[in-house]
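The structure appears below as structure tokens.
The values are calculated or read from the model by the stated rules, or taken from the named source; none is laboratory data. If you're wondering where the values come from, they're calculated on a predicted model, not measured in any experiment. Here the Cβ positions follow ideal geometry from the backbone for every residue, glycine too, while neighbour counts run over all protein chains shown. We work out accessible area using only protein heavy atoms, side chains counted, and drop any ligands, DNA or RNA first. Shrake-Rupley method; radii C 1.70, N 1.55, O 1.52, S 1.80 Å.
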Amino acid sequence: MKKALLLTLLISALSFAQKPIFTSAKVKAATVYFNAAELQQTTTVNLPVGTSEIVIKNVADYLNENTIQIGAPSSVTVLSVQFTQNYISEYEIDESNPAIKKVRDSITLVQKEIKKIQIETYAHQQTIGLLDNNQTVAGANSGLSVTELIKLVDYYKAKRTTLDNAVVSLQEKEAKWNVKLKALNDKLVINTQKEDKTSKGKLVLQVMNEIAGNVTLDINYLTNAATWNPFYDLRVDNVKDPINMMYKAQVSQNTGIDWKKVKLTLSSGNPNQNNQQPILNSWFLRYQDLNHFKGNVYNKELTQASNPNAIQSIQESDFSDTVVAAMGIKRYKSSVTNYTSINENQLNVSFDIDIPYDILSNGKAHSVALKEIKLPATYKYYAAPRVDKEAFLLAEINDYSKYNLLPGEANIIFEGLYVGKTTINPNQTTDTLNLSMGRDKKINIKREKVVDKSGTKFLSSYKEQTFTYDLTVRNNKKEEVFMLLKDQYPLSSDKEVTIELLEDGKAKVNSETGILTWELKLAPNETKKIRISYKVKYPKDKVIDNL
């Protein structure tokens, strides 16, 4: 029994000591998450019966070893899997690579030719030595006649000349073959480096096979060297048409291997790298803490005018229902949309793309088109000239959750011109998504101080200042526009400082925030003027530095 066990171990050890089987894995598909990727690769190897060591090249430089999964036929048992960047073996050059194999075969042939030349040269040199020795022997033999001696000398001379010329010719041939051998060795080094330059990672498998022949191995693992981000192109021809949205993704990877013609899936979820089964705990509902939303509201709203990306937080209630259209949903029948399948669950959304893509391992962002959507939109203009004298076009999207939008940047092309970028943030609590479509210079806005209606008075111990402004809005467009115009008057937190709104220009007044709001409808080339005025009274020995 002990002898049988010892024999089995010896056979096993000898089997693993055999030459490793090298192969390269090809990327079939990639599921890219925001900060990781799951790669699916495949390779085919010719396995003998028994145990073998397989070295799989062309895997990611860095991967999570705990996530490696190897799919093999039932006749193959995977005994162990190890990831390494430093595999050392005398057989490390992959013979399965056609280019490398061709060069190595050529090197073998050249070496054989050089060996033949060396053998032939050696034979000629030995013959020359024998002739030289025979010449000495013949010269010492006084029994030769003159005629015989002349014949011997002529023979020696001719033979020695032929052999010397042959040796020179062989040496020239050997030199030429050595030049060719050096070129082939250099080419081998270049091809080997070319093969290995993109990927350092290798998987070393110990397997036991029952049936000799070709075996297909499927390889899955997670790597953190890939990422994707959603972004959008928003095209608007005029404020009467829907938004033409191109839903895109920027995919980049530095895995060390190029993804050629892969089936790409983009997911907003996080890959589960934990093999421990999940445990459900009690689920208690709670109110959201809204304290972090409170603060100086009027300053917040006016600041939004100078930051078009921030205007998304303006509520739909700021604009009346009279400007809200009843518009149907239309979709493009485009090639991009037809080749993208969207899968949505409670926690994430994924895009399965049937068009094969090449994503090179260079860290550069590769643009991937996901789908085209026509977004029904209601347009309005927003302006707060106290902060910014230009008007911002806003697009309101109702029921936006159906479009599976993710947070990301968007390029804005309005009336055929690129006007800048905006941010799409669908993680809101409102039913309407507000998109800032940039500034429109065809809407002119002025906020001018009326000098003769403004001034300062001194009353005993108090100073009284009056401020009057005219707001002028002109529509230079060819179509009617709706505008949400805002201004403000200051508020007091000191009982010694009193503020009185003298003229509100028929605005909706929010006395808690000091915000004045007008909903304007402007015909083409129409101009409207609004006047506001307020008075501030405070001790004359004090200075207010933000009036």
* Between residues in region 327-356 that are modelled with pLDDT of 70 or more and residues that are open to solvent by less than 90 Å² (accessible area, probe 1.4 Å) and assigned to a loop (DSSP other than H, G, I, E, B), which pairs lie under 6 Å by C-beta distance while being six or more apart or on different chains? -> ILE342/ASN404; GLU344/ASN404; ASN348/SER268; ASN348/GLY269; VAL349/SER268; VAL349/ASN404
* ILE412: open to solvent by 10 Å² or more (accessible area, probe 1.4 Å), outside any helix (DSSP H, G or I), at pLDDT 90 or above and in contact with a Ser or Thr (Cβ under 8 Å, 6 or more places away or on another chain), yes or no? -> no
* Candidates LEU405, LEU484, LEU417, filtered to the one that is in contact (Cβ under 8 Å) with a residue 12 or more places away in the chain and more than 30 Å from ILE544 (Cβ to Cβ) -> LEU405
* Structure fact -> Going through (1) at pLDDT 95 or above; (2) surrounded by fewer than 19 Cβ atoms within 10 Å (Cβ to Cβ) one by one, LYS2 fails only at (1)
* Flag if TYR462 is in contact with a strand residue (DSSP E or B) (Cβ under 8 Å, 6 or more places away or on another chain) and in contact (Cβ under 8 Å) with a residue 24 or more places away in the chain -> yes
* Structure fact -> Exactly one of LYS402, LYS421 is in a strand (DSSP E or B) and over 30 Å from ASP541 (Cβ atoms), and that one is LYS421
* Asked: Which one of ASP431, ASP452 is loosely packed, with under 15 Cβ neighbours inside 10 Å, at pLDDT 90 or above and of a type in the set (Asp, Glu)?
  -> ASP452
* Structure fact -> Considering region 376-396, residues that are more than 16 Å from ASN238 (Cα to Cα) and acidic (Asp, Glu), and then whichever is surrounded by the most Cβ atoms within 10 Å (Cβ to Cβ), we arrive at ASP388
* To do: Taking the options LYS537, LYS542, LYS506, name whichever one is assigned to a strand (DSSP E or B), farther than 29 Å from THR423 by Cβ and either touching a strand residue (DSSP E or B) at 6+ places or on another chain (Cβ under 8 Å) or not aliphatic (A, V, I, L, M) (or both).
  => LYS537
* Can you name the condition, by its number, that THR456 falls short on among (1) more than 26 Å from the chain's Cα centre (by Cα); (2) assigned to a strand (DSSP E or B); (3) closer than 22 Å to PHE482 by Cβ? -> (3)
